[in-house]
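To keep things clear, I will list the structure first and then write my remarks on it.
The values are calculated or read from the model by the stated rules, or taken from the named source; none is laboratory data. Keep in mind that what you see is a predicted model, and the values were worked out from it rather than measured. Please note: Cβ atoms are built from the backbone with ideal geometry, for glycine as well, and neighbour counts cover all protein chains shown. For the accessible areas, the whole protein counts, side chains as well, though only heavy atoms, and no ligand, DNA or RNA atoms are used. Shrake-Rupley method; radii C 1.70, N 1.55, O 1.52, S 1.80 Å.
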Amino acid sequence: MRDMVEIGMGREARRTYELEDVAIVPSRRTRSSKDVDTRWNIDAYEFGFPLMMHPTDSISGPESAAEFARLGGLAVLNAEGIWARHEDGAAAIAKVVEAASGAEWTPESANKVLQELHAAPIDEELLVRRITELRETGAITAVRVSPQRCRELTPILVKAGIDLLVVQGTLISAEHVTSDGEPLNLKDFIGSLDVPVIVGGVVDYRTALHMMRTGAAGVIVGPGTTTTPSALGIDVPMATAIADAAAARRDYLDETGGRYVHVIADGGIETAGCIAKAIACGADAVALSHLLADAAEAPGKGWHWPSAAAHPKYPRGFVDNVHLAPESAEHPSMEELLFGPAADPFGTRNLVGGIKRAMAKCGFTDVKSFQRVDLAIH
């Protein structure tokens, strides 16, 4: 039964929960973390751990994506980002960082630079070259497009040899209605493709179920790290949103007689503990954004922003420095962030180790079974 609260006469709202409101409760035998299996399979592809790289330019570039994939994660390039518009993507990102770190810094100053960089057209030849370079490293190649441009760009991506397509917006619906063009019907669109598709973001049971009925292999829960509460008044209680999507997955599994759609949490992930709690709420995998931004391989070198910060008319999100150590301190490698060793006691290093230990303390040996762990509310 849903917990409804009366806001005032004639208006009710549902009580919902963030990941920080939820606690994992050990209730079984304990195990050694060495016996825990973190592998994640989606469609025909296997990954060493249930983590996806959020496709924003500050963390996802040709080198960082290749390294994340080498280590065992699902790396995703952004087909509409800086790396597809500028030959020297590193120099373009350096301009953003310079605007954000200057003495005259304001949130608007860095966002204006992002808007200028994104005003350049997408270079299709450059985009194909970026994809080819990633494929040649042996990585499972995933590329993100927006719902608005997926019909235009997908044929180019498929021809370039992508393995997975990610259709992701801040929020998405099964049928995007527009008065200035043909609406996008995701079911028809996905049905016409020979590559598996991950779609998102969604924040409720009904939309998640609709997304699953389109034929998607995975559904992303959450709008990532954009400032939607202040800009749009939209907020996402991630623990509840993940649990709702997991319920939609269960009902769709029954409806289809066995078709399983993966739930990927994207947003509110601050530590390894958040990753564990997202899986405990029902996620099959978790998308990482600012937790990877401090990696030595990350293009932003400790600076981070969501893709929506570059929107030409209504940016959501801003350029932020996540490298809290002194500037002289070295950035940890991506391998260190994922596997340690770590001296940081707050769960922002050795993320995979944190997942393994959370599962082991509760007696579970694989990610899927960990979704059955007991939970409590603070």
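Of the solvent-accessible surface of the stretch 247-363, computed with a 1.4 Å probe over protein heavy atoms with every protein chain present, carbon and sulfur atoms account for 54 percent. Averaging the sequence gap over all C-alpha pairs within less than 8 Å and six or more residues apart, then dividing by the number of residues, gives the stretch 297-372 a relative contact order of 17 percent. Candidate cross-link partners of residue 356 among the lysines, defined by an alpha-carbon separation under 27 Å and a same-chain spacing of 8 or more, comprise 34, 277, 368.
Taking the 1.4 Å solvent-accessible surface of the stretch 45-105 as the whole, the part contributed by carbon and sulfur is 49%.
Peptides 16-24, 212-220 ranked from most to least packed give 212-220, 16-24, packing being the mean of other C-beta atoms within 10 angstrom over each peptide's residues. Here the sum of -39500 (n - 2.57) over DSSP H runs of 4 or more residues, divided by the residues of the chain, equals -10000 deg cm²/dmol at 222 nm, to the nearest 500.
When the chain is fully extended, how far beyond the present Cα-Cα distance does residue 35 get from residue 103, taking 0.36 nm per residue of separation?
Using 0.36 nm per residue and subtracting the Cα-Cα distance, I get 19.4 nm.
A value for Cα extents along the principal axes in Å was derived from the coordinates, and within the list (i) 76, 75, 45; (ii) 92, 60, 34; (iii) 53, 52, 49 it appears as (iii).
A 1.4 Å probe run over the chain, with the rest of the protein chains in place, finds 46 Å² accessible per residue. Couplings 3J(HN,Hα) of the stretch 254-269, computed from phi: 5, 4, 9, x, x, 7, 9, 10, 7, 9, 10, 7, 9, x, x, 9 Hz, in residue order, whole Hz [Karplus 6.51 cos²θ - 1.76 cosθ + 1.60, θ = phi - 60°; x for Gly and Pro].
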